[in-house]
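Below is one structure, written out as structure tokens; comments come after it.
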Amino acid sequence: MFNLTTFRELVIAALWTGLLAGLLLTAVQQIQVIPTLLKAEVYEEAAVTIPNTDNSHEHHDWQPENGVERTFFTAVANISLGVGFALLIGSVMCLRGRPGSWRIGLLWGLAGYLTFFVAPSLGLPPEVPGTTAAKLADRQSWWLITVLDTGFGLSLLAFAKTRTNKFFGAVLLAAPHLISAPQPEVHSSAAPAELAQSFIVATVFANAVFWLAIGGLMGRFYKKKL
């Protein structure tokens, strides 16, 4: 039964989970992702500045300086994201009955990883700065459809009792990819292909750690009462 006490326990578990998972993601990013990202930004800046050498007063939007400032803002964003996703997974856990251990929580984390990262990345893989992309609105729409279809599809495959519903779940998993993700008219990137591939691998690993940490920690902090 969902009541004020249950809600309080959910929020506290999500806050601790988001804090720890966000800090862990930040640490992994500093080792795996940020070095590749910084290299890609060098190529992006070179591609932008070369055609504009005559204009030395070009306006640039504010962004944190590399180093401590960038790491701090990255950590804040990761923790906020972690808390939000922990609340989401915790709410679903509550509806299904709280997990009994961190091991069961890992399965929920895996489901979140497949839903929010793996499935959308099949059509819209992580991109380094300086890569051309389709219109943002089109990509956002496809991402949202993919996440919803994948989430419902996985839930039907895991919990549906009839073969018909399980089949419908499989159809939902495949549907967004049959439509295909929006793509730019011409694919191009300022960074070398090898760097872009390294960025994808690093991002895949970092997000796996992040989601498994969210699931495992929520399973630990929000487990069933004995």
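Each reported figure results from applying straightforward, stated rules to the coordinates on display, with no laboratory input. Because the structure is a prediction, the values reported are computed rather than measured. Don't worry about glycine lacking a Cβ; one is built from the backbone with ideal geometry, like all the others, and counts go over all protein chains shown.
Numerical summary
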{"item": "Surface/4 estimate of mean projected area, convex hull on alpha-carbon atoms of the chain, nm²", "result": "15.3 nm²"}
{"item": "Selection from Ile104, Val209, Phe152, by position along the positive dipole direction of the stretch 99-226 (Cβ)", "result": "Ile104"}
{"item": "The chain: DSSP helices with Cα axial extent of at least 20 Å and average Kyte-Doolittle hydropathy no lower than -0.5", "result": "4-28, 34-49, 68-96, 136-159, 163-179, 193-221"}
{"item": "Net length gained if the chain between Lys135 and Arg8 were fully extended (0.36 nm per residue, minus Cα distance)", "result": "41.7 nm"}
{"item": "Spatially close lysines, pair count over the chain: Cα under 28 Å, gap of eight or more or interchain", "result": "6"}
{"item": "Amide proton proximity set for Thr131, modelled H, under 5 Å, gap of 5+", "result": "Ala190"}
